[in-house]
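Trainee: One structure, as structure tokens, below. Some questions next.
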Amino acid sequence: IGAVSRAKEILESVKANILGVVLNRVKESHGGYYYYYYYDDNKPQHRKRRKR
């Protein structure tokens, strides 16, 4: 994973924001952990009122 660390260093050196990562063909190790976070910023939509 040295290449990942180096890529992160390069991105930080140009003050880039890291949104997330995708790792392909990486073997899962036993005893690892998984974290998932979801954020939804949708405001409730107002219903249209019908005229009587």
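Trainee: Six or more apart or on different chains, Cβ under 9 Å: which pairs go from a residue in segment 14-40 that's under 20 Å from Ala3 (Cα atoms) to one that's surrounded by fewer than 10 Cβ atoms within 10 Å (Cβ to Cβ) and at pLDDT below 70? Could you list them?
Mentor: Cβ pairs passing all conditions: Leu23/Ile1; Val26/Ile1.
Condition check ((1) exposed (fewer than 10 other Cβ atoms within 10 Å of the Cβ); (2) of a type in the set (Gly, Ala, Ser); (3) modelled with pLDDT under 75) across all residues:
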{"site": "Ala7", "(1), (2), (3)": "no, yes, no"}
{"site": "Ile18", "(1), (2), (3)": "yes, no, no"}
{"site": "Gly32", "(1), (2), (3)": "yes, yes, yes"}
{"site": "Tyr35", "(1), (2), (3)": "yes, no, yes"}
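The values are calculated or read from the model by the stated rules, or taken from the named source; none is laboratory data. Computed from a prediction, not measured in an experiment: that's the story for all the values here. Note that we place each Cβ from the backbone using ideal geometry, even for glycine, and neighbour counts take in every protein chain shown.
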